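What follows is calculated from the coordinates using simple rules that are stated; it is not laboratory data. Predicted, not measured: the structure shown is a model, and the values here were computed from it. So basically every Cβ, Gly included, is an ideal-geometry build from the backbone, and we count neighbours across all protein chains shown.
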There are 2 protein chains.
Amino acid sequence: MSHAAQRPAGPAVRGGGRPTLEAVAALAGVGRGTVSRVINGSPRVSDRAREAVEQAIAELGYVPNRAARTLVTSRTDSIALVIPETETRLSSEPFFNDIIRGVSAELADTDMQLLLILVRTDKERDRLATYLAAHRVDGVLMVSVHEDDPIPGLLERIDMPSVLVGRRSELEPLSYVDADNAGGARMAVRHLLRRGCTRIATVTGPLDMEPARARLAGYRKALEEAGLGGDEDLVGRADFTESGGREAMRGLLGRRPDLDAVFCASDVMAAGALQVLREAGRRVPEDVAVIGFDDSIIARHTDPPLTSVRQPIEEMGRTMARLLLEEVSEEGRARRQVVLATELVVRASA
Amino acid sequence: MSHAAQRPAGPAVRGGGRPTLEAVAALAGVGRGTVSRVINGSPRVSDRAREAVEQAIAELGYVPNRAARTLVTSRTDSIALVIPETETRLSSEPFFNDIIRGVSAELADTDMQLLLILVRTDKERDRLATYLAAHRVDGVLMVSVHEDDPIPGLLERIDMPSVLVGRRSELEPLSYVDADNAGGARMAVRHLLRRGCTRIATVTGPLDMEPARARLAGYRKALEEAGLGGDEDLVGRADFTESGGREAMRGLLGRRPDLDAVFCASDVMAAGALQVLREAGRRVPEDVAVIGFDDSIIARHTDPPLTSVRQPIEEMGRTMARLLLEEVSEEGRARRQVVLATELVVRASA
DNA sequence: CTAGTGTGTGGGAGCGCTCCCACGAGGCAT
DNA sequence: ATGCCTCGTGGGAGCGCTCCCACACACTAG
């Protein structure tokens, strides 16, 4: 026995000495197959064997080696959250945070890993394409898709389970979760109409993004229903940024100095609009009522606090994750599309 | 040859038919070893072989199988960004976004994957501990550490390369990247002193967090240097939240109605303080000057816009990632500690 | 001539798991 | 008794890579 002690570090010590399936099997007095069955929840295991294995696992602190499992199953047990970030939106809007929270919450008691991939440049986009084509994730969650983004098309082609937040167009073939943008916008404009406003302008987001289009459509629909539609001078185009909101507001005031309300397709743009209105000497909401969209943190801090359309962002994140998990686990994948209701949060600005 | 066509799907089709090392080797007319050497940039390859391999890789669209590599090297080529999220900070502050951006930017031309792990509950914390102990990532980036958080201690024990943003205490043993919180606070208070303020209060963050302590220390230091230190009535404790800021401000006004300035350890708390000051009929900055910390998006939208101490958050993210990559790749790991300068952004509130 | 040194290469072994085949034990009908 | 299920089980094969040993070949030195 004594010579065993002087034997140099044997094979058992390799790799930090973390226990393997085989070690568990040995301790439990069963074969590798049985341990594997216990871990993967197969019903074909006797109670006696199961208990022995579970105890051995606890005793050794065994954790399965993910790479080994991936190698044989070619499942990776991880999904990617892809955020194209050509705009600076990520830093200014809590949107992504809430999505991340929702997704993460839904994944919490799965053993799915969440990979975060920001895409800034075309070079990074190419890398991502290679990455996805190599099937290094089981599924993809994608945020803030522009209509001309090539990634969703790629996802379709390589048959990668994926869920978008927001659709690219009205007939999005991929699964998606979206807020009822049109409905929210319509609700906001109706609120302005009830207040007695009649010359209601809008500041839109970039119209190559479906949410921006849908919000514009909701705005138009509400006005048409009230018999007030058709005045294109009341539509100011912007890009979801604060400075864009400022410029669009200046344009609107130039074209239609008599406007009495503005529906902005984002809070950030509404904040810009408020600045311009103040500079122009208009009181909010007495002269011009203002409504934003997103109900983000800045809505509570503008002067006056902003009435805004709230989207259930965290729930959208949770739903995305849920849909993706279903799509990943199922054989015959049905694409799913979910639209969640929005809600008007009334504050002082309208 | 004709019978080959009716052979059922053979082994070559398995796993979606993605090409393997072996396929590349066959096409290039070399052995597996040589292909592996080319991929891993070994110098011991002839130019002829290298070219043949590179062409074969391009032709087949070969991408190495990460799991297979991980299995043998026990490197995972991925790092985790851990965000404890007991507070609601994640949703309200762009801090995390900017950190994420910085980290992601630094990782962009590495082939490191970024795993995002939010920790809400103790159960999730335990899962994380198991996860980390199983060495499923090469390194850990950790944000927003409370002094009593058990995770950093675990990281130390299992000798996991890791970098914190912000230290737990003055003698943090792990690597970290921090902003010069004390310096920034001192700068802010000096600015108030230069304005002629003499009864300068502060609203602190939770004092179990080092940044909160450091900002308080900077505040005290500036006052001492001006011979104005020692008045504990001027210190209001809060917790980095808006409502906390409101309550602390009320307390301060109650104790010291004559105060003429407040340095708040976060913008969110400053926003709360501003509300209370307005309700109390104090003008900002004429009666009471206010300075925040973080220069977050809300600083630009409060009324009046908030003078605030800016931290280079995105750069902190980049630096964290860089330090971690060094720590992961090096053998003898030296812990590194970097403190980045802060900057005062002057707006209307002080 | 032999011995020695180095450089590029091929391929065996093996990482830790899952999949699947084969096998023994027990139950039930014939 | 024999046949034929089913159920639980053990363990071989193999996933795609890296590591490393052995070997061929080309030199240079003795």
Q | region A:130-140 - phi-based ³J(HN,Hα) in whole Hz, Karplus 6.51/-1.76/1.60, Gly and Pro as x | A | 4, 4, 5, 4, 7, 6, 8, 9, 7, x, 9
Q | Other protein chain Cβ atoms within 10 Å, averaged over every residue that makes up A:65-78 | A | 5
Q | Rounded to whole Hz, the Karplus (6.51, -1.76, 1.60) HN-Hα couplings of region A:192-199, x for glycine and proline | A | 5, 4, 4, 5, x, 5, 10, 10
Q. Which whole number gives the average count of other chain Cβ atoms within 10 Å of the Cβ atoms across peptide B:291-301?
A. 4
Q) Around residue B:142, which amide H atoms from residues at least 5 apart in sequence, or from another chain, sit under 5 Å from its own amide H, with H modelled in the peptide plane? A) B:82, B:163, B:164, B:165
Q. Between residue A:232 and residue B:343, what FRET efficiency follows from the Cβ-Cβ distance if R0 is 45 Å, with the result rounded to 0.05?
A. 0.50
Q: Hey, can you grab everything whose amide H is under 5 Å from the amide H of residue B:338? Only 5+ residues off in sequence or another chain; H modelled, so Pro and N-termini drop out.
A: B:176, B:177, B:178
(Q) Order B:48-57, B:131-140 from most to least packed using the mean count of other Cβ atoms within 10 Å. (A) B:131-140, B:48-57
Q. Placing a label point 7 Å from Cα toward Cβ, how far apart in nm is residue B:194 from its equivalents in the other copies, listed shortest first to one decimal?
A. 5.1
Q) What is the magnitude of the charge dipole of the protein assembly as shown about its Cα centre, with +1 placed on the Cβ of each Lys and Arg, -1 on the Cβ of each Asp and Glu, and no other charges, expressed in debye to the nearest 20? A) 1060 debye
Q.
So if I restrict to the alpha-carbon atoms in region A:212-253, what is the Rg, and what is Dmax, the biggest pairwise distance, in Å?
A. 11.3, 32
Q. Measuring from label point to label point, each 7 Å out along Cα→Cβ, what is the residue A:195 to residue A:280 span in nm?
A. 1.5 nm
(Q) I'd like the orientation of helix A:242-255 relative to chain A: the angle between its Cα long axis and the longest Cα principal axis, in ° from 0 to 90, rounded to 10. (A) 20 degrees
Q | Pseudo-label separations to other copies for residue A:340 - Cα-to-Cβ vector, 7 Å, nm | A | 3.2
Q.
Relative contact order for region A:226-350: what percent, with Cα pairs under 8 Å and sequence separation of 6 or more?
A. 21 percent
Q | Residues A:96, B:293, sorted so that the one with the fewest Cβ neighbours within 10 Å comes first | A | A:96, B:293
Q) Can you give the mean number of other chain Cβ atoms that lie within 10 Å of the Cβ atoms in peptide B:336-346? A) 0
Q) Out of A:189, A:112, A:259, whose Cα points farthest toward the positive end of the dipole of chain A (charges: +1 Lys, Arg; -1 Asp, Glu; placed on Cβ)? A) A:112
Q: Let me know the shape class of the protein assembly as shown, please: from the alpha-carbon gyration tensor, a ≥ b ≥ c as square roots of the eigenvalues, rounded when a/c is under 1.5, otherwise prolate if a/b is greater than b/c, or oblate.
A: oblate
Q: In vacuum, with every alpha carbon of chain A counted as one equal point scatterer, what does the Debye formula give for log10 I(q)/I(0) at q = 0.13 Å⁻¹? Two decimals, please.
A: -0.97
Q: State, as an integer percentage, the relative contact order of chain B based on alpha-carbon contacts under 8 Å between residues 6 or more apart.
A: 16 percent
Q. At residue B:243, label 7 Å along Cα→Cβ: distances to the other copies, nm, ascending?
A. 3.8
Q. Counting only residues 5 or more places away or on other chains, whose amide H sits under 5 Å from the amide H of residue B:350 once H atoms are built in the peptide plane?
A. B:290, B:307
Q: Pop out the ³J(HN,Hα) list for region A:214-225 in order, Karplus 6.51 cos²θ - 1.76 cosθ + 1.60 with θ = phi - 60°, rounded to Hz; leave Gly and Pro as x.
A: 5, 5, 5, 4, x, 4, 5, 4, 4, 5, 4, 4
Q. Summing -39500 (n - 2.57) over the DSSP H runs of n ≥ 4 in chain B and dividing by its residue number, what mean residue ellipticity at 222 nm do you reach, to the nearest 500 deg cm²/dmol?
A. -13500 deg cm²/dmol
Q | Estimated dipole of chain B in Debye, rounded to 20 [Cβ of Lys and Arg +1, of Asp and Glu -1, Cα centre] | A | 740 debye
